[in-house]
Every structure is written in structure tokens, then in C-alpha cells.
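Everything on this sheet refers to the single structure shown next.
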Amino acid sequence: MKESAEYLRNNVEFEGYVTGFEQSNNHAFGIIRLQLTKWNTQNFNREIKEGIFPYRIEEGVAELYCTVSVERKKGDIVNLISNKQTIYYNPQDSKEEGNIYIITDPVDINFVKKNTEFK
């Protein structure tokens with residue numbers, strides 16, 4: 001398998017506000033749903049054999065598959081820069097960051113498949 005960073009160097013960038021989230025019972029992994037305000041690709045739903053990408057975009061709406069902090073709330077601004085493998089939370093007010101990576105844990109993949117709004 002290619003390194004996670006190799007897959008994520010794809011120039012995808014977007015920003016939006018949190019409209020909802022789901023949290024699994026697996027180490028705070030979950031789904032953050034966003035209404036996008038800026039994006040550089042209309043749709044992103046690439047599939048790979050080794051796992052799933054940590055985000056999906058469809059026509060101005062995105063889902064992030066990552067750690068969902070207990071501090072996360074609706075209305076938070078989220079900025080993702082895939083080449084840097086980084087998510088910035090409320091970048092205008094905070095230095096809070098998170099990392100993204102290709103999701104390979106079968107428990108997390110099943111959680112995404114069961115709880116995604118993209119069917």
C-alpha cells in the first residue's frame with residue numbers, strides 16, 4: 001500500500017461549517033458533516049482498495065472521517081488542506097488542528113458505511 005500521505009497529496013482543499021456529527025465507540029472516531037463555503041473540487045469520492053479517504057464531497061456538502069473532539073459543535077468552521085494532511089478548526093480564532101489519514105480500520109470503515117449521508 002502507498003503511504004497515506006501519498007494518497008492525500010491530491011490538492012483537495014475545502015472550508016465549511018459543521019452541520020452535524022456522529023461519533024463511534026472506537027477511540028472518538030466519527031463523521032463531521034459540513035456545509036461548504038469554499039472548495040476547489042465539486043465532487044470527491046475516490047475509492048482505493050486499501051481503505052477509504054478521510055473525506056467525501058458532493059455538491060457543496062462534505063463529510064470528514066476523523067477524530068471528533070468533545071469540543072466540536074455545530075457552526076464551527078473547518079478548513080481542510082489535504083496536501084498538508086491537516087484540518088484546522090475555527091482558524092480565525094484558534095490554533096486547533098487535527099490530522100487526516102487514509103482510514104484502514106475495518107471498524108471505522110463499517111461505521112462510515114453505516115452512518116454516511118451519502119448513499
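Residue check: is residue 9 out of contact with any Lys or Arg (no Cβ under 7 Å at 6 or more places or on another chain), of a type in the set (Lys, Arg), closer than 22 Å to residue 107 by Cα and in contact (Cβ under 8 Å) with a residue 24 or more places away in the chain?
Numbers: out of contact with any Lys or Arg (no Cβ under 7 Å at 6 or more places or on another chain): yes; of a type in the set (Lys, Arg): yes; closer than 22 Å to residue 107 by Cα: no; in contact (Cβ under 8 Å) with a residue 24 or more places away in the chain: yes.
So residue 9 does not fit the description; no.
Regarding residue 12, is this residue touching a Ser or Thr at 6+ places or on another chain (Cβ under 7 Å) and aliphatic (A, V, I, L, M)? Give the derivation first.
On the way: touching a Ser or Thr at 6+ places or on another chain (Cβ under 7 Å): yes; aliphatic (A, V, I, L, M): yes.
It is true that residue 12 is touching a Ser or Thr at 6+ places or on another chain (Cβ under 7 Å) and aliphatic (A, V, I, L, M).
Sort out which residues of region 56-71 are under 13 Å from residue 21 (Cα atoms) and either touching a helix residue (DSSP H, G or I) at 6+ places or on another chain (Cβ under 6 Å) or not hydrophobic (A, V, I, L, M, F, W, C) (or both), and write them in order of number.
63, 65, 67, 69, 71
From the list 45, 26, which one is in contact (Cβ under 8 Å) with a residue 24 or more places away in the chain, in contact with a strand residue (DSSP E or B) (Cβ under 9 Å, 6 or more places away or on another chain), exposed (fewer than 13 other Cβ atoms within 10 Å of the Cβ) and within 24 Å of residue 105 (Cα to Cα)? Reasoning before the result, please.
On the way: 26 fails: in contact with a strand residue (DSSP E or B) (Cβ under 9 Å, 6 or more places away or on another chain).
From the options 45, 26, the qualifying one is 45.
Mind checking which residues of region 79-115 are surrounded by 15 or more Cβ atoms within 10 Å (Cβ to Cβ), closer than 21 Å to residue 7 by Cα and in contact (Cβ under 8 Å) with a residue 40 or more places away in the chain?
Result: 79, 80, 81, 82, 85, 100, 101, 102, 103, 108, 112.
Given the conditions (1) of a type in the set (Lys, Arg); (2) farther than 16 Å from residue 21 by Cα; (3) touching a residue at least 24 places away in the same chain (Cβ under 8 Å), and given that residue 74 satisfies all but one, which numbered condition is not satisfied?
The number of the failed condition is (2).
No value in this document is a laboratory result; all are computed from the given coordinates. Treat the numbers as computed from the prediction; the structure is a model and nothing was measured. Don't worry about glycine lacking a Cβ; one is built from the backbone with ideal geometry, like all the others, and counts go over all protein chains shown.
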